[in-house]
Amino acid sequence: MSPRPETAANTSARVRFAPSPTGHLHVGGARTALFNWLYARHHGGAFILRIEDTDRSRSTEENIHSIVEALTWLGLDWDEGPPTPGYRQTERMELYHEHALRLVTMGRAYYCDCSAETLDAERKAAQARVETFRYSGRCRERGLIAGALRLRIPDEGATVVNDLIHGPVTFEHRQLDDWILVRTDGTPTYNFCVVVDDVTMRITHVIRGNDHLSNTPKQILCYEALGYAVPEFAHVSMILGADRSRLSKRHGATSVQAFRDAGILPEAMANYLARLGWSHGDQEMFSRGELIELFDIKDVASSGAIFDLVKLEWLSQEYMKRSAGARLAELVRPFLAGAGLPVPADMPWLARVMETLRERGKTLVEIVEVGRFYFARPSAYEPKAAQKFFTREGTARLAALIERLETVPEFTPSALEKLYRELTATLGLKLVDLAQLTRLAVTGTTASPPIFEVLALLGRDETLARLRAARAHVEAA
RNA sequence: GGCCCCAUCGUCUAGAGGCCCAGGACACGGCCCUCUCAAGGCUGAAACACGGGUUCGAAUCCCGUUGGGGCCA
């Protein structure tokens with residue numbers, strides 16, 4: 001019963017990600033998808049997307065679209081799946097019924113018409129004896145031809161799940177019961193659909209959340225009853241909230257799109273998710289290629305991990321610092337629009353702007369906040385700073401600056417710095433005095449990228465306009 | 001309640017019996033750099049849940065306890 005040997009080139013590996021479209025893509029699901037995708041890409045196998053939409057009341061088209069969008073944003077592409085038909089459970093009903101019938105024919109499943117009351121009584125009795133509830137098997141030999149279809153489970157022995165992450169996990173058959181494959185109303189159950197889907201899609205490795213580990217022995221018994229080879233299993237731990245319970249809405253944002261909308265870079269999100277439960281020595285950042293090359297399901301940790309937004313944001317900033325201005329310029333556009341700011345048409349200019357901003361925020365949303373002044377004139381001046389700098393001497397200094405800036409031949413950072421240093425010396429001041437005065441006039445605040453770069457990017461006309469506006473503002477006061 | 005999983009700094013983790021009086025990263029404190037804010041550099045504090053074994057030697061193996069989580073109900 002040792003796991004089959006893994007080789008680097010396991011091109012026949014077929015893995016799948018099978019979300020239920022009952023909401024947006026959760027970060028836990030995204031990590032499961034990522035691990036599957038990495039497994040497939042590492043081994044040169046196939047990554048399949050399957051939509052588990054049997055819960056018709058909660059599954060929607062919008063959710064399918066949203067999941068597809070989130071996976072795409074993360075850069076996870078699938079080799080088989082939507083929009084190709086046949087990858088949604090609702091399209092596969094005949095398959096479930098075919099397989100159910102086969103199990104009946106082979107004598108591995110039987111119909112049961114026990115009432116809810118009968119079952120309840122059994123359940124209560126089991127609890128009274130301090131035991132796992134297990135269906136009595138009353139209908140096993142009755143030869144019914146209708147009712148709920150149950151899988152006949154052996155009374156003796158045990159099933160071992162040879163988990164790639166946890167190692168062998170043994171489940172005694174006496175803890176398992178003849179579970180329901182198809183309900184009385186004809187609808188197949190979740191566990192049965194999964195088995196039939198994984199069998200018919202020829203899945204070789206089932207990588208999924210730890211919450212399914214308890215279902216696995218039941219599924220293995222179903223594979224065996226059907227006469228199919230059992231795939232390998234790997235159960236990935238859950239992502240937890242700060243209180244160590246399963247991450248949910250009450251812990252804050254949980255959907256992938258929420259982080260996208262918060263301006264997290266997609267590569268940061270993927271890197272973060274990969275590092276949550278997986279590691280490679282002391283390395284924190286991995287390129288996509290490194291991830292594919294280094295990822296090994298056996299290195300995935302078996303314990304749960306708390307989702308840490310602060311570290312995700314740190315990674316996002318690290319990726320921004322390393323991103324080319326041109327790429328950030330593309331990425332930031334929707335965020336500018338979202339903040340109600342004009343979206344510049346001059347992309348090379350925007351790219352240079354982004355180069356001055358990229359290490360000053362953790363997300364694109366923060367970048368827009370700190371760089372707002374590039375796109376709109378200040379609507380107000382920071383009061384404390386205004387009190388300090390917008391004084392009588394302040395206006396005189398502004399006037400001196402305006403006069404010189406009007407005539408400086410080159411409006412470049414180095415020329416501007418030279419001008420400022422000379423004027424500083426002439427007036428017997430420190431550079432910080434003029435720099436902060438200018439910063440306040442031009443940005444409305446006392447914090448910004450290096451002031452000479454800011455002025456150069458704003459250009460002579462805009463700089464002068466803002467300086468004059470500041471002077472007018474002081475004089476009016 | 002039954003079954004199953006898990007347990008190293010606040011958090012993510014390295015560690016597969018001696019290399020560890022436990023390493024890295026985030027966050028936090030200090031110093032330096034500096035036109036501001038960042039970024040950067042240096043630096044500090046911070047963990048093997050507990051109790052038994054096994055072994056010359058255990059964070060690492062075994063058992064139990066406690067705690068957390070999941071599945072079923």
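Note on region A:306-384 and region A:78-147: Cα centroid distance 55 Å, given to the nearest whole angstrom. Quick one: pull the percentage of alpha-carbon pairs in region A:82-164 with a separation above 18 Å. Here the tail beyond 18 Å accounts for 62 percent of pairs. Simple rule: put +1 on each Lys or Arg Cβ and -1 on each Asp or Glu Cβ in chain A, find the dipole, and look at A:ASN215, A:TYR272, A:MET106; the Cα lying farthest toward the positive end is A:TYR272.
Taken about its Cα centre, region A:69-152 carries a charge dipole of roughly 740 debye when the Cβ of each Lys and Arg holds +1 and the Cβ of each Asp and Glu holds -1. By the beta carbon rule, with partners counted only under 4.7 Å, chain A holds these lone Cys residues: A:CYS114, A:CYS193, A:CYS222.
Relative contact order of region A:59-207, please, whole-number percent, based on alpha carbon pairs below 8 angstrom and at least 6 residues apart. Could the numbers behind the result be given before it?
Working: 148 pairs, mean separation 29.5, N = 149.
Rounded, it is 20 percent for region A:59-207.
Per the Cα gyration tensor, region A:157-204 maps to an equivalent ellipsoid with semi-axes of 24, 18, 7 Å, ordered largest to smallest. Ordering of A:262-268, A:52-58, A:358-364 by packing is A:262-268, A:358-364, A:52-58, highest average first (other Cβ atoms within 10 Å, averaged per residue). Seen from all directions on average, chain A presents a Cα convex hull projection of 30.1 nm².
Compute the semi-axes of the equivalent ellipsoid of region A:335-388, taking the square root of 5 times each eigenvalue of the Cα gyration tensor, and list them largest first in whole Å.
Details: eigenvalues 95, 35, 26 Å².
Semi-axes (√(5λ), whole Å): 22, 13, 11.
Rounded if a/c is under 1.5, else prolate if a/b beats b/c, else oblate: with a ≥ b ≥ c from the C-alpha gyration tensor eigenvalues square-rooted, which is region A:240-307? Here region A:240-307 falls in the oblate category. Ordering A:116-126, A:284-294, A:441-451 by mean Cβ neighbour count within 10 Å, with the highest value first, yields A:441-451, A:284-294, A:116-126.
Strictly greater than 25 Å: what percent of every Cα pair in region A:310-454 meets that? The partial results should precede the final answer.
Values: 3785 of 10440 pairs.
When all Cα pairs of region A:310-454 are counted, 36 percent exceed 25 Å.
Here A:LYS311 is the anchor, and the lysines within straight C-alpha reach of less than 25 Å, apart from those fewer than 8 places off in the same chain, are A:LYS249, A:LYS298, A:LYS321, A:LYS362. The per residue volume of the convex hull around the alpha-carbon atoms of region A:357-440 is 129 Å³. Taken over region A:274-392, the alpha-carbon convex hull comes to 164 cubic angstrom per residue. Give the lysines whose C-alpha is closer than 26 Å to that of A:LYS418, dropping any in the same chain fewer than 8 places away, or say none. Within the straight-line limit of under 26 Å, A:LYS418 reaches these lysines: A:LYS388, A:LYS430.
Only four residue types carry charge here, +1 at the Cβ of Lys and Arg and -1 at the Cβ of Asp and Glu. Report the dipole size of chain A about the Cα centre in Debye, rounded to the nearest 20. Don't skip to the end; give the middle numbers.
Numbers: 58 positive and 61 negative charges, 190 e Å.
Dipole magnitude for chain A comes out near 920 debye.
For chain A, the longest principal axis of the alpha carbon atoms and the long axis of helix A:413-427 meet at an angle near 50°. Qualifying trypsin sites (Lys or Arg not before Pro) in region A:130-171, where qualification requires a DSSP coil assignment and no more than 10 other C-beta atoms within 10 Å, are lacking entirely.
Size descriptors for region A:52-206: radius of gyration and Dmax over Cα atoms are 18.7, 54 Å.
Does region A:393-477 come out rounded, prolate or oblate by the C-alpha gyration tensor, with a ≥ b ≥ c the root eigenvalues, rounded set by a/c under 1.5 and, if not, prolate when a/b is larger than b/c and oblate if not? Judged from the Cα gyration tensor, region A:393-477 comes out rounded (a/c under 1.5). Comparing A:LEU71, A:GLY325, A:PRO82 along the charge dipole axis of chain A, the residue lying farthest to the positive side is A:GLY325, per the Cβ-charge model. Beta bridges from DSSP with both residues in chain A: antiparallel share about 50 percent, rounded to the nearest 5. Principal axis extents of the Cα atoms in region A:20-86, from largest to smallest and rounded to whole angstrom, are 38, 26, 17.
The overall shape of region A:125-199, judged from the alpha-carbon gyration tensor, is oblate: a/c is not under 1.5, and a/b is no greater than b/c.
Taken together, the values in this text are just the output of simple stated rules run on the coordinates, not laboratory data. Everything quoted here is computed from the prediction, not taken from an experiment. Note that we place each Cβ from the backbone using ideal geometry, even for glycine, and neighbour counts take in every protein chain shown.
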